[in-house]
Amino acid sequence: MLQILGDLLPYAVAVSLSPLPIIATVMLLLGRSCTGGAAVFVAARLATAAVASGVVAALAGEIAGGAG
């Protein structure tokens, strides 16, 4: 399991350093309704991370259960 995580770590770093969140944050802060837009952006990012984590955890459980 640690070998797989070690192999995937470079990809995770590349995705986390993607410029899209930075660009979106700057655009939200420079916009007219920066407070509302920023709150929606943060909520959407957290919801996306939660859903993605849940899907990965479910798939990992299925894979681990099927392999043993």
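Values as computed for the structure displayed
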item: Residue list for segment 17-41, restricted to those being under 19 Å from the mean Cα position of the chain (by Cα), of a type in the set (V, I, T) and open to solvent by 80 Å² or more (accessible area, probe 1.4 Å); result: I22, I23, V40
item: When residues of segment 4-16 are limited to those that are of a type in the set (A, V, I, L, M, F, W, C) and open to solvent by 80 Å² or more (accessible area, probe 1.4 Å), the one nearest to A38 (Cα to Cα); result: V15
item: Long-range neighbours under 8 Å by Cβ, at least six apart or interchain, first residue without any contact (Cβ under 8 Å) to a residue 40 or more places away in the chain within segment 18-40, second open to solvent by 100 Å² or more (accessible area, probe 1.4 Å) and part of a helix (DSSP H, G or I); result: P21/R45; A38/L29
item: Members of segment 42-63 that are of a type outside the set (V, I, T) and either touching an Asp or Glu at 6+ places or on another chain (Cβ under 6 Å) or open to solvent by 70 Å² or more (accessible area, probe 1.4 Å) (or both); result: R45, L46, S53, L59, E62
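The values are calculated or read from the model by the stated rules, or taken from the named source; none is laboratory data. In this text the structure is predicted, and so the values were computed from the model without any measurement. Positions of Cβ are generated from backbone atoms using ideal geometry, with glycine treated the same way; all protein chains shown enter the neighbour counts. Heavy atoms of the whole protein, side chains included, go into the accessibility calculation; ligands, DNA and RNA do not. Shrake-Rupley method; radii C 1.70, N 1.55, O 1.52, S 1.80 Å.
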